[in-house]
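Read-outs: derived from the displayed coordinates by stated rules, not from any lab. None of the values given here were measured: they were computed from a predicted structure. Cβ placement follows ideal geometry from the backbone for every residue including glycine, while neighbour counts extend to all protein chains displayed.
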Amino acid sequence: MSSKTFFITGANSGFGLAIATAAIEAGHTVIGTIRSESSREALAKTLPELRPVLCDVTDFDRIPVAVQRAEEEHGPVDVLINNAGYGHEGVLEESPIEEMRRQFDVNVFGAVAVAKAFLPRFRERRSGFIVNVTSMGGMITMPGIAYYCGSKFALQGISEVMRSEMAPFGVHVTTLCPGSFRTDWAGRSMVRTERSIADYDTLFDPIREARQAVSGKQLGNPKKLADAVLTLIESENPPPQLLLGSDALRHVTARIERLTQEIEAWKSVTVSTDG
């Protein structure tokens with residue numbers, strides 16, 4: 001595997017840290033964004049080879065400057081891993097619109113802003129690989145995570161367009177769609193809206209309790225996800241999206257089967273509007 005330079009957002013925990021660790025162990029150079037000096041200090045101890053960049057992905061105006069400085073100091077970036085993000089859990093009716101705005105600022109606008117900082121560089125160099133981390137929640141939905149699924153569906157769609165637009169310039173774009181993994185997604189990093197409407201208790205309380213109960217015990221292994229990412233970026237013909245985890249495969253396959261059945265059942269109405 002040839003040595004590459006990675007730029008990973010949210011590199012201090014979860015998938016970002018796992019991918020950074022695996023990439024460095026494989027001999028790659030890794031630039032990683034972190035949001036605080038305390039994170040920088042912790043990373044200096046746990047992963048001293050990582051080149052940290054202090055940057056919040058919602059500080060949209062600062063991102064191009066951070067990217068330019070990173071390339072000036074460490075050379076051209078070959079692979080962008082757009083990983084920074086978090087989960088929001090809450091019944092839609094109960095969840096303040098401000099929580100949706102914050103969810104989209106980080107998961108959608110932040111990811112797009114970072115990608116846009118690299119697009120002209122990759123286009124001009126006629127090479128590059130963008131991996132936008134979405135989720136199986138960008139292809140399926142579950143009660144209680146409307147804002148999260150909405151943000152990941154949005155990034156999924158934007159990524160597919162980005163892939164089409166960048167393909168003529170030799171730039172790859174793939175979305176990474178993980179299922180449930182042993183990260184802090186459902187633990188300390190998740191924002192949870194307080195319950196307020198009793199009508200939803202029967203539907204949602206068991207879902208919230210079950211998610212908290214399995215946090216840290218999920219089947220997915222972040223180290224194996226990182227290994228899969230390294231395999232992905234070596235591909236000359238990478239897929240538009242890569243599902244990771246047997247639960248992601250199961251849920252997305254079931255969704256496709258249901259969608260196919262629904263399309264067939266309503267086909268006569270669908271085509272009745274022509275002419």
- Label-point separation (nm) for E41 and D184, each offset 7 Å from Cα along Cα-to-Cβ? 1.6 nm
- Only one of the values (i) 19.5, 67; (ii) 19.4, 64; (iii) 18.6, 57 was calculated from this structure for Rg and Dmax of the Cα atoms in Å; name its label. (i)
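Rounded to the nearest 20 Debye, what is the dipole magnitude of segment 1-98 about its Cα centre when Lys and Arg each give +1 and Asp and Glu each give -1 at the C-beta? Walk me through the intermediate numbers first.
Working: 7 positive and 15 negative charges, 94 e Å.
The dipole of segment 1-98 has a size of about 440 debye.
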- Item | Using alpha-carbon coordinates, inclination of helix 14-25 to the longest axis of the chain, degrees | 30 degrees
- lysines whose Cα lies under 26 Å from that of K4, excluding same-chain neighbours fewer than 8 positions away: K45, K116, K223, K224
- What does the highest-first list of 66-76, 194-204, 241-251, 110-120 look like by mean Cβ count within 10 Å? 110-120, 241-251, 66-76, 194-204
- Using modelled backbone amide H atoms (1.01 Å from N, in-plane), which distant-in-sequence or interchain residues come within less than 5 Å of D184's amide H? G14
- Fully extended, how many nm does the chain gain between E99 and L203 (0.36 nm per residue separation, minus their Cα-Cα distance)? 35.3 nm
- Extend 7 Å from the Cα of E160 along its Cα-to-C-beta direction; within segment 245-270, residues with backbone N under 13 Å of that point are 256
- Message: Cross-link candidates for K217: which aspartates and glutamates have Cα within less than 18 Å, leaving aside residues fewer than 8 places away along the same chain?
- Response: D184, E209, D247
- MRE, 222 nm, helices only [DSSP H, n ≥ 4, -39500 (n - 2.57), over the chain, to nearest 500]: -15000 deg cm²/dmol
- Note on the structure: Projecting the Cα atoms of A70, I207, L47 onto the charge dipole of the chain, where Lys and Arg contribute +1 and Asp and Glu -1 at Cβ, the residue farthest towards the positive end is L47
